[in-house]
1. Report the extension gain between Phe128 and Thr226 in nm, rounded to one decimal, defined as 0.36 nm multiplied by the number of residues separating them, less their alpha carbon distance.
2. If each residue of separation counts as 0.36 nm, what is the full-extension length gain between Leu73 and Arg355 once their alpha-carbon separation is subtracted?
3. Specify whether the C-alpha gyration tensor of region 176-242 places it in the rounded, prolate or oblate class, a ≥ b ≥ c being the square roots of the eigenvalues: rounded for a/c under 1.5, otherwise prolate if a/b is larger than b/c and oblate if not.
4. Compute the semi-axes of the equivalent ellipsoid of region 245-363, taking the square root of 5 times each eigenvalue of the Cα gyration tensor, and list them largest first in whole Å.
5. 7 Å from Cα along Cα→Cβ at both Arg284 and Arg237: what's the point-to-point distance in nm?
6. With a cap of 10 neighbouring Cβ atoms within 10 Å, and only residues DSSP puts in a loop, list the trypsin sites (Lys or Arg not before Pro) found in region 259-340.
7. What FRET efficiency would be calculated for the residue pair Arg343, Leu104, taking the C-beta separation as r and a Förster radius of 41 Å, to the nearest 0.05?
8. Nothing charged except the Cβ atoms of Lys and Arg (+1) and of Asp and Glu (-1): what's the magnitude of the dipole of the chain about its Cα centre? Round to the nearest 20 debye.
Amino acid sequence: MDPLTHTLVGAAMARTRLARGIPRAGLTLMVAANLADIDILGFVAGNDASTGFRRGWTHGPVGAVVLPAVWVLVLLTFHARRRAAKSPPPNRLALLGLSYLGCLSHPVLDWLNTYGVRLLMPFDDRWFYGDAVFIVDPWLWLVLGGAVYYGSPRRGVPWGWLSLALGTSLIVLLAGSIVPPATQAAWFVGLACVVMLGRVLRTAWRPARVATIALALAAVYIGAMTTVATIGGRWVRAELGRQGVREVSRLMVGPMPANPFRWDVVAQTPTAYRHGAMRWLPRRSLDLDPRPIERLRPSPVVDAALAAPQIQGTLGWMRFPFVEIDETPDGYTVHVLDARYVRSRRTGFGTVRVRLDRGLRVE
């Protein structure tokens, strides 16, 4: 999931009774909830090396054991250097427990989307996919951000929450090409409901109770999306058979941005990928693209491109790889694409390019 979702999960947990009376609980949980993404520093080694390293070691058992302890050690070291402030000594075990809780929430959330996560690295480099929640989900922002709003100071202007509401609203508006107008309208209605409920409940419920309810609602939403994904996957497989697409070895029924009623479909057959869209409303249907995407077929040009060292990290991450080849007088340009994110274009996310000369040497 995106960093904001991870941070909001940590912030919401910090407002529950679980963290009551523990100094620096909020900082501990919010940072711990993002610790696994420290592997983004791999970008300094280049995009391919970073892709090959992403969602691996730091998201697996080693990261889950080491990173929370390192984070608490950093906190304790910082506290020791500020003893002059005479702040109370932190509860080491409590901070360590919260750090582990926040850190463990990260791979669970990352498993939910179509990007995938290697939960067993470094012991097993298999990718796991929940295919249930889009990598950026505004409904989780709304629910968890509501808990942050409710827990904001009772006096003065809640600038932090207002900044969060404005920033997320701009994202929803600017994503107009992929977020339907009805979804945008529902977002602002939900935002208004959060504000009104906050004013009504502010004197009746404690922030810890609201944060607990928000986390429970988020869990129910995630559970519902996971259930819908499972049911939808079974129905799509059966519907593909009715439409003449058989021998489906792998199937992805993944969520679309901010729209739980429309799902993206990629089906792998022995020779091709078939792409489509499943809709739940006004009736359940599968719109299948009549144009198949040809799967990788061995050839000297393809084999030479796939052996190029500069794409091995990205190639290992790809779930439904295929190629498009441009032949030039000087050689070949091989576009390696992932049907999860790219259908026929030769640029964009999920795409790498290899140039070969006429001797099939990588340029």
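1. Working: separation 98, 0.36 × 98 = 35.28 nm, distance 1.40 nm.
Stretched out fully, the Phe128 to Thr226 stretch lengthens by 33.9 nm.
2. So the chain would gain 96.8 nm between Leu73 and Arg355.
3. Here region 176-242 falls in the oblate category.
4. They are 31, 14, 12 Å, listed largest first.
5. In this crude spin-label approximation the distance works out to 1.4 nm.
6. Counting only loop positions with at most 10 other Cβ atoms within 10 Å, the trypsin sites (Lys or Arg not before Pro) in region 259-340 are Arg283.
7. 0.70
8. The dipole of the chain has a size of about 1740 debye.
Every number in this text was worked out from the coordinates using simple rules, so none of it is lab data. This is a predicted model, so every value here is computed, not measured. Please note: Cβ atoms are built from the backbone with ideal geometry, for glycine as well, and neighbour counts cover all protein chains shown.
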